[in-house]
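Report on one structure; see the data block that follows.
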Amino acid sequence: MSEVKQVPLYLAPMAGITDKLFRNLCLCHGCDVVTTEMISAPGLMTAPKNSRVYQELLDVEKDEGPLVAQIFGHEPQIMGEAAKKLTDMGLYSGIDINMGCPAPKVTGGGSGSALMKTPEIAEEIIRHVCHATLLPVTVKMRLGWDEESINAVEFAKMAEQAGACAVTVHGRTRKQQYSGHADWEKIAQVKQAVNIRVIANGDVVDAQSAREILRVTGADGIAIARGALGNPWLFDEIKAMMRGEAYTRPSFDEVVETAMRHARGMEQWKGSLYGVVEMRKHFGWYIASRRGARKVRTAINVAPTLEEVEKLLRELGNMEE
Ligand SMILES: Cc1cc2nc3c(=O)[nH]c(=O)nc-3n(C[C@H](O)[C@H](O)[C@H](O)COP(=O)(O)O)c2cc1C
């Protein structure tokens, strides 16, 4: 096996998922830099202190490791103001600008991946944000809007010119959303075209795919989203591969211990009712690869307490694989 470049691993932003608890789990398991869920810039500028923005999106664990705040919006002025406000909070190590989100409620207003269709506005946004903060500013982008308008190379060059210190490139178009395969060759083209750091993103789910994305793209880092769901150990696995060390997957007992610690943290943070509801998707991911998981997931989704959930998880562990 050829040598693998040792690069930092990033937890890519995921709305509804990369909260302080999940971020910390990933940091404990080899992730180097974590990102908040996307935060609406205009929302941030008008939100009252008791709103969800403050209670959840901006809630940070004490001493949380390198944490990047991601903002979205389409008005350069407001994006700059939001970057300044986040910087002044003193909790973040960088500001990431979302130019990749495909959701219609985001792109409809001209934000997220819609900015890849309006590079002149995107440029103005990057300039305003860079002017407003001394923190490193990064851009998260896709390959382009659709197959006919792939402009990742020009867009990344523009981001570099405007002051971004890195781009994270998800190797899909907006039209693809999350379907098909990420095109790592096109990420490689971006890497060859710019002098800033390029973080490769899309479809890294194990050590093998991490090794391959690095080989194909020559990227300076890997950002991982879905692969970490129910598997924060993925970062340990990739780190072991990069160091040339053997990796042992956690036993199912360890998985259950972690899932329950995660759940108790959620219960403490959001209260017992909402905490249990919020954990359901995570429980599903923790057990996804286990035989018999589907039936247990259905039972977990109606279990009223965490004690009940733990019993179901232990029973699943006792079932033959
Ligand atoms: C549930 C979910 C929520 C996401 N939320 C965001 C977000 O808030 N900001 C963003 O830039 N990308 C978001 N993404 C995209 C991911 O960061 C990432 O680019 C994409 O999932 C591809 O990486 P992966 O193959 O490792 O999952 C989200 C993806 C998922 C699945």
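Every condition in (1) more than 20 Å from the chain's Cα centre (by Cα); (2) more than 23 Å from Asp19 (Cα to Cα) holds for Asp220 except the one numbered (1). If the condition is being within 22 Å of Gly265 (Cβ to Cβ) and of a type in the set (D, E, K, R), then segment 33-60 contributes Glu37, Arg52, Glu56, Asp59. Each residue in segment 56-110 was checked for being assigned to a strand (DSSP E or B) and of a type in the set (Gly, Ala, Ser), and 2 pass.
For segment 69-78, a residue qualifies if it is surrounded by fewer than 24 Cβ atoms within 10 Å (Cβ to Cβ) and within 16 Å of the ligand (Cβ to nearest atom), and exactly one does: His74.
With respect to the conditions (1) open to solvent by less than 40 Å² (accessible area, probe 1.4 Å); (2) within 21 Å of Met14 (Cβ to Cβ); (3) outside any helix (DSSP H, G or I), Leu115 falls short on a single one, namely (3). Provide a single number: the residues in segment 215-233 that are away from the ligand (no atom under 14 Å from the Cβ) and part of a helix (DSSP H, G or I). Within segment 215-233, residues that are away from the ligand (no atom under 14 Å from the Cβ) and part of a helix (DSSP H, G or I) number 2.
Checking Leu58, Leu27, Leu44 one by one, the residue that is within 29 Å of Leu229 (Cα to Cα) and touching a helix residue (DSSP H, G or I) at 6+ places or on another chain (Cβ under 7 Å) is Leu44 and no other.
For the subset of segment 90-112 comprising residues that are open to solvent by 60 Å² or more (accessible area, probe 1.4 Å) and not basic (Lys, Arg), which member is farthest from the ligand (Cβ to nearest atom)? Can you show your working first?
Within segment 90-112, the first condition is being open to solvent by 60 Å² or more (accessible area, probe 1.4 Å), and the residues that meet it are 90-91, 104-105, 108.
Right, trim to not basic (Lys, Arg) and you get 90-91, 104, 108.
Values: Gly90: 22, Leu91: 18, Pro104: 14, Gly108: 16 Å.
This residue is Gly90.
For segment 290-315, filtering for residues that are in contact (Cβ under 8 Å) with a residue 40 or more places away in the chain and not acidic (Asp, Glu) leaves 4.
The number of residues in segment 1-55 being assigned to a loop (DSSP other than H, G, I, E, B), touching a Leu at 6+ places or on another chain (Cβ under 7 Å) and either more than 13 Å from the ligand (Cβ to nearest atom) or open to solvent by 40 Å² or more (accessible area, probe 1.4 Å) (or both) comes to 5.
Residues in segment 1-55 that are of a type in the set (A, V, I, L, M) and in contact with a Cys (Cβ under 9 Å, 6 or more places away or on another chain): Leu9, Leu11, Ala15, Leu25, Val34, Met38.
Cβ-Cβ contacts under 6 Å between residues 6 or more apart (or on different chains), taken from a first residue in segment 163-185 that is away from the ligand (no atom under 11 Å from the Cβ) and at pLDDT 95 or above to a second residue that is part of a loop (DSSP other than H, G, I, E, B) and acidic (Asp, Glu), are listed as Thr173/Asp146; Lys175/Asp146. If only residues of segment 195-210 that are away from the ligand (no atom under 11 Å from the Cβ) and assigned to a strand (DSSP E or B) are counted, the one that is most open to solvent (accessible area, probe 1.4 Å) is Arg197. Cβ-Cβ distances below 8 Å connect the following pairs, each with a first residue in segment 247-263 that is in contact (Cβ under 8 Å) with a residue 12 or more places away in the chain, a second residue that is in a loop (DSSP other than H, G, I, E, B) and among the aromatic types (Phe, Trp, Tyr), and a separation of six or more residues or different chains: Arg249/Trp233; Pro250/Trp233. Considering every residue within segment 248-264, establish whether at least one is open to solvent by 60 Å² or more (accessible area, probe 1.4 Å), more than 20 Å from Leu27 (Cα to Cα) and at pLDDT 95 or above. The answer is yes; a qualifying residue exists.
Once segment 118-135 is narrowed to residues that are under 23 Å from Tyr178 (Cα atoms) and part of a helix (DSSP H, G or I), the residue that is most open to solvent (accessible area, probe 1.4 Å) is Pro119.
The values are calculated or read from the model by the stated rules, or taken from the named source; none is laboratory data. Remember, predicted model here, so these are calculated numbers, not experimental data. Heads up, the Cβs are rebuilt from the backbone with ideal geometry, glycines too, and the neighbour counts pull from every protein chain shown. What goes into the accessible areas is simple: the full protein's heavy atoms, side chains included, and nothing from ligands, DNA or RNA. Shrake-Rupley method; radii C 1.70, N 1.55, O 1.52, S 1.80 Å.
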